[in-house]
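What follows is a single structure, written as structure tokens, with notes after it.
The values are calculated or read from the model by the stated rules, or taken from the named source; none is laboratory data. All of these numbers come straight from a predicted model, not from anything done at the bench. Positions of Cβ are generated from backbone atoms using ideal geometry, with glycine treated the same way; all protein chains shown enter the neighbour counts. Accessible surface areas use protein heavy atoms only, side chains included; no ligands, DNA or RNA. Shrake-Rupley method; radii C 1.70, N 1.55, O 1.52, S 1.80 Å.
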Amino acid sequence: QVQLVESGGGLVQAGGSLRLSCAASGRTFSTYTMGWFRQAPGKEREFVSSINRRGDSYYEDSVKGRFTISRDNAKNTVYLQMNRLKPEDTAVYYCAATGVLGMAVSPSSYAYWGQGTQVTVSS
């Protein structure tokens, strides 16, 4: 079992930055592919970014060049640095973990989920 706890969400003006953190329990964190997803009101949960055990990262097109995913295996934590935020980035952001070795862009690939953290970007 893996428990995930997100933090770092909040209210920010367009063009601003936030850094989300996701702390994981368990001794096998370094073996998991970690992902960030988001869900806006009335919309389906969508892929944002993922990072595998080797540190390879993958991004949804709309966040490329603005968001950066990273992981610190010593701290069992994955981060999402979000720069140049836009109102359309407003959503609840979820951290997820999977044993899948690839980039894992589908929510159905992930077995473990955090409770989510709200990100609101005002115009």
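Below, the figures for the structure above:
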{"item": "Residues of the stretch 61-92 that turn out to be more than 18 Å from G15 (Cα to Cα) and either in contact with a strand residue (DSSP E or B) (Cβ under 9 Å, 6 or more places away or on another chain) or open to solvent by less than 40 Å² (accessible area, probe 1.4 Å) (or both), as a count", "result": "10"}
{"item": "Criterion (at pLDDT 95 or above and touching a Cys at 6+ places or on another chain (Cβ under 6 Å)) met by exactly one of L80, L11, L4", "result": "L4"}
{"item": "Conditions (1) in a strand (DSSP E or B); (2) modelled with pLDDT under 95; number of the one not met by S30", "result": "(1)"}
{"item": "Residues that are part of a strand (DSSP E or B) and either over 11 Å from the mean Cα position of the chain (by Cα) or not aliphatic (A, V, I, L, M) (or both), drawn from the stretch 78-105", "result": "Y79, Q81, A91, Y93, Y94, C95, T98"}
{"item": "Selection count where residues are assigned to a strand (DSSP E or B) and of a type in the set (D, E, K, R), scope the stretch 58-77", "result": "2"}
{"item": "One residue from G16, G65 being in contact (Cβ under 8 Å) with a residue 60 or more places away in the chain and over 11 Å from the mean Cα position of the chain (by Cα)", "result": "G16"}
{"item": "Residue among G35, G8, G55 that is touching a Phe, Trp or Tyr at 6+ places or on another chain (Cβ under 7 Å) and either within 14 Å of R71 (Cβ to Cβ) or surrounded by 16 or more Cβ atoms within 10 Å (Cβ to Cβ) (or both)", "result": "G35"}
{"item": "Residue, modelled with the lowest pLDDT, within the stretch 36-57, restricted to residues that are in a loop (DSSP other than H, G, I, E, B) and touching a helix residue (DSSP H, G or I) at 6+ places or on another chain (Cβ under 7 Å)", "result": "R53"}
{"item": "For E44: the one exception among (1) in contact with a Ser or Thr (Cβ under 9 Å, 6 or more places away or on another chain); (2) without any contact (Cβ under 8 Å) to a residue 40 or more places away in the chain", "result": "(1)"}
